[in-house]
Amino acid sequence: FVVDNASTDGSAAMVRGRFPQVHLIQNSENVGFARANNQAIRQSRGRYVLLLNSDTEARPGALSSLLAFMDAQPRAGASGARLLNPDGTLQPSCHPMLTPWREFWRLLFLERIRPRATYDMAHWDLRTPREVEVIKGACLMLRREGLDQVGLLDERYFMYTEEMDLCYRLRRAGWRLYWVPEARVVHYEEGSTRQVAEPMYVQLYRSKVQFYRKIGGKGQARLFKTLLVVAYLPRLLTAMVSVLFAPTIAARTSTYRHLLAELPGM
């Protein structure tokens, strides 16, 4: 299945012409990541569902490795590949379940001292699967039985955080999630969002606020927004001064200002 979210570069016509075996779902508007993936999931019939971003390239044997692992681990609700940058270096492909305080720790650049919002994947054994809490949606294999139990991606998220929400629900229902390093997938990260970087940056935090409100109520969402102000207001003030000497950071200044302006309404 290929879901085309109202692209304008002729890719839908390319898929239709060059890959007639593909089930093409062509949307007249961009309905977002969660809703678009759900469109294909509802039409699929396999015992597993694989979410695979359009900006990825699966290395030979990657998908069969995920499939074999899921067959061998009946309590695995989901598994993810070892994501690689285009130069072959390791790209973060999973992380702990994020809390407002873990997010704040990361925003204060304290991850370099003690990782709390990320995994120290550089030291992981590349031959052994490892249980994790959240798998990134760029390459995510899901067990149909688990989806039937907890539901599909929450379509209230337009983009970002929907995979963390799904992983949270799967783990609460007793399913286990794994990183499978034998499955290697190159991820050309942010290939589809780079041209609209500022709106997508704000959307990232809008989705996170939405997630904390969903699992922790208004209080947790309010806490997260307060922590974002504490983290980003100094950045904005510093950028506003620095842009006088380095005009190239004007875009960063605009992004910080946009985020802080949008926060109260999130």
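Per the conditions (1) of a type outside the set (A, V, I, L, M, F, W, C); (2) without any contact (Cβ under 8 Å) to a residue 60 or more places away in the chain; (3) surrounded by 13 or more Cβ atoms within 10 Å (Cβ to Cβ), the sole criterion not satisfied by Glu57 is (2).
Scanning segment 65-114 for residues that are in a helix (DSSP H, G or I) and of a type in the set (Ser, Thr, Tyr) yields one hit, Ser65. From the list Leu170, Leu259, Leu204, Leu228, which residue is buried (at least 20 other Cβ atoms within 10 Å of the Cβ) and under 29 Å from Trp124 (Cβ atoms)? Leu170 is the lone residue from the list that is buried (at least 20 other Cβ atoms within 10 Å of the Cβ) and under 29 Å from Trp124 (Cβ atoms).
Could we say that Ile25 is of a type in the set (Val, Ile, Thr), touching a residue at least 40 places away in the same chain (Cβ under 8 Å) and surrounded by 14 or more Cβ atoms within 10 Å (Cβ to Cβ) here? Considered against the rule, which asks whether it is of a type in the set (Val, Ile, Thr), touching a residue at least 40 places away in the same chain (Cβ under 8 Å) and surrounded by 14 or more Cβ atoms within 10 Å (Cβ to Cβ), Ile25 comes out as no.
When Leu236, Leu223 are checked against the criterion of being hydrophobic (A, V, I, L, M, F, W, C) and in contact with a Gly (Cβ under 9 Å, 6 or more places away or on another chain), Leu223 stands alone in meeting it. Evaluation of Thr248 against the conditions (1) of a type outside the set (Lys, Arg); (2) surrounded by 13 or more Cβ atoms within 10 Å (Cβ to Cβ); (3) over 30 Å from Gly146 (Cβ atoms) shows that the sole unmet condition is (2).
Across segment 122-145, which residue is farthest from Leu166 (Cα to Cα) among those that are open to solvent by 10 Å² or more (accessible area, probe 1.4 Å) and in contact with a Ser or Thr (Cβ under 8 Å, 6 or more places away or on another chain)?
Residues of segment 122-145 open to solvent by 10 Å² or more (accessible area, probe 1.4 Å): 122-131, 133, 136, 141, 143-145.
From what is left, the residues that are in contact with a Ser or Thr (Cβ under 8 Å, 6 or more places away or on another chain) are 129, 136, 141.
Working: Pro129: 20, Lys136: 11, Met141: 12 Å.
Residue satisfying both the conditions and the ranking: Pro129.
Taken together, Arg106, Arg156 contain a single residue that is within 20 Å of Gln203 (Cβ to Cβ), open to solvent by 30 Å² or more (accessible area, probe 1.4 Å) and free of Cβ contacts under 8 Å to residues at least 40 places away in the same chain, which is Arg106.
Evaluation of Leu90 against the conditions (1) buried (at least 19 other Cβ atoms within 10 Å of the Cβ); (2) within 19 Å of His187 (Cβ to Cβ); (3) aliphatic (A, V, I, L, M) shows that the sole unmet condition is (1). If the condition is being part of a loop (DSSP other than H, G, I, E, B), within 30 Å of Pro74 (Cβ to Cβ) and under 17 Å from the mean Cα position of the chain (by Cα), then segment 2-58 contributes only Asn53. Between Gly46, Gly32, the distinction of being of a type in the set (Gly, Ala, Ser) and either under 15 Å from Leu142 (Cα atoms) or open to solvent by 50 Å² or more (accessible area, probe 1.4 Å) (or both) belongs to Gly46 only.
Can you give me the ranges of the helices (runs of 4 or more DSSP H) entirely in segment 151-266 with at least 1 residues that are under 16 Å from the mean Cα position of the chain (by Cα)?
162-172, 197-242
When you scan segment 174-185, do you find a residue that is open to solvent by 20 Å² or more (accessible area, probe 1.4 Å), within 28 Å of Asn5 (Cα to Cα) and either at pLDDT below 95 or not polar (S, T, N, Q) (or both), even just one?
The first filter runs over segment 174-185 and keeps only residues open to solvent by 20 Å² or more (accessible area, probe 1.4 Å), leaving 174, 176, 178, 182, 184.
Right, trim to within 28 Å of Asn5 (Cα to Cα) and you get 184.
Of the ones still in play, those that are also either at pLDDT below 95 or not polar (S, T, N, Q) (or both) are 184.
Looking through segment 174-185, at least one residue is open to solvent by 20 Å² or more (accessible area, probe 1.4 Å), within 28 Å of Asn5 (Cα to Cα) and either at pLDDT below 95 or not polar (S, T, N, Q) (or both).
Just one residue in the set Val243, Val209, Val229 is among the hydrophobic types (A, V, I, L, M, F, W, C) and touching a Ser or Thr at 6+ places or on another chain (Cβ under 6 Å); that residue is Val243.
The values are calculated or read from the model by the stated rules, or taken from the named source; none is laboratory data. Please read all numbers here as calculations on a predicted model, not as lab measurements. Using ideal geometry, Cβ is built from the backbone for each residue, glycine included, and neighbour counts are taken over all protein chains shown. Keep in mind that these areas ignore ligands, DNA and RNA; they rest on the heavy atoms of the full protein, side chains included. Shrake-Rupley method; radii C 1.70, N 1.55, O 1.52, S 1.80 Å.
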